Each structure stands twice: as C-alpha cells, then as structure tokens.
Amino acid sequence: MKLYLSSFRIGGMGRELRRLATEAGKGPVEIIPNALDGYGNPERRAKNIALAAKELRELGLESRELDLREFFPGREELDRRLLDSRAFYVLGGNTFVLRRAMLLSGFDRYLLGSLS
C-alpha cells in the first residue's frame, strides 16, 4: 500500500498523487467525507466534497463520493464497491468520527487486509 499524505487538501505534489493513482489501476478515486459527519453542516460537507472532486479532476482523475455511513453495519456491498476503486481521498475533520465510520462500515478491515 502506498500513501500520499497532505496536511492541506492535495498539497504541492499533485503530479505525484496522479502518478500513484494511475499506477494503482483503473476506477475512480473515492472521496471519503466521514470525518465531517460530526459537524452537522451539510453545506460545508458538500462544499468540501465538490472542492476535492474539482482538484482531482484537474489532475485528470475521476472521483466519486464514498459515504461510509451507507455501509453500516459492515455490509458486503462495501467490498464490491472497493474492488472498483483505485485510490481513496479522505477529507479532514474529526479523526475519531472518521475512525468510528471506518469501524462500523468495515472499511478498517479492508485497510488492514491491504497492509499485509
């Protein structure tokens, strides 16, 4: 597993992100906004998703939203969805809320399995 980490949006190494995502295969980059779940501000959430999608599009990458809440509690549909994905773009926010969404959806099991 390769990670591209940035403390603010895509950061200054967008070409590197595009290279990594291209090497990862076909399919969209999944935008995971669940760190914003605890703020109760749907407008802010939508704005952040749209901004991330725009930045990815400018790099030539297709994206789509992956709301982990749709896969509570650990539905098998998530596994099928992840097979179509090339990369994940996780929006910032509350890491504890994000961790809970990852646990309840089963996304954490996917990440742990990918690490081995």
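The values are calculated or read from the model by the stated rules, or taken from the named source; none is laboratory data. As the structure is a computational prediction, the values presented were derived from the model and not from experiment. Because the Cβ atoms are built from the backbone with ideal geometry, glycine has one as well, and the counts that use them run over all protein chains shown. These accessible areas exclude ligands, DNA and RNA; they are computed on the full protein's heavy atoms, side chains included. Shrake-Rupley method; radii C 1.70, N 1.55, O 1.52, S 1.80 Å.
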- Send over the semi-axes of the chain's equivalent ellipsoid, whole angstrom and largest first, taken as the square roots of 5 times the C-alpha gyration tensor eigenvalues. 21, 18, 13
- Quickly work out the residue 43-to-residue 8 label distance, labels modelled 7 Å from Cα along the C-beta direction, and quote it in nm with one decimal. 2.4 nm
- Under Karplus coefficients 6.51, -1.76 and 1.60, residue-wise ³J(HN,Hα) of region 22-32 in Hz, glycine/proline x: 5, 5, 6, x, 9, x, x, 8, 7, 8, 9
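Determine the dipole magnitude for the chain: charges of +1 sit on the beta-carbon of Lys and Arg, -1 on that of Asp and Glu, nothing else is charged, the reference point is the Cα centre, and the result goes in debye to the nearest 20.
240 debye
Viscosity 1.306 mPa s, temperature 10 °C: what is the translational diffusion coefficient of region 1-55 from Stokes-Einstein with a Kirkwood Rh over Cα pairs, rounded to a whole number of µm²/s?
125 µm²/s
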- Task: Please list, in chain and number order, the residues 5+ apart from residue 89 or on another chain whose amide H is under 5 Å from its amide H, with Hs placed from the backbone.
- Result: 30, 31, 32
- Taking only protein heavy atoms and a 1.4 Å probe, the highest-to-lowest accessible-area order of 54, 47 is 47, 54
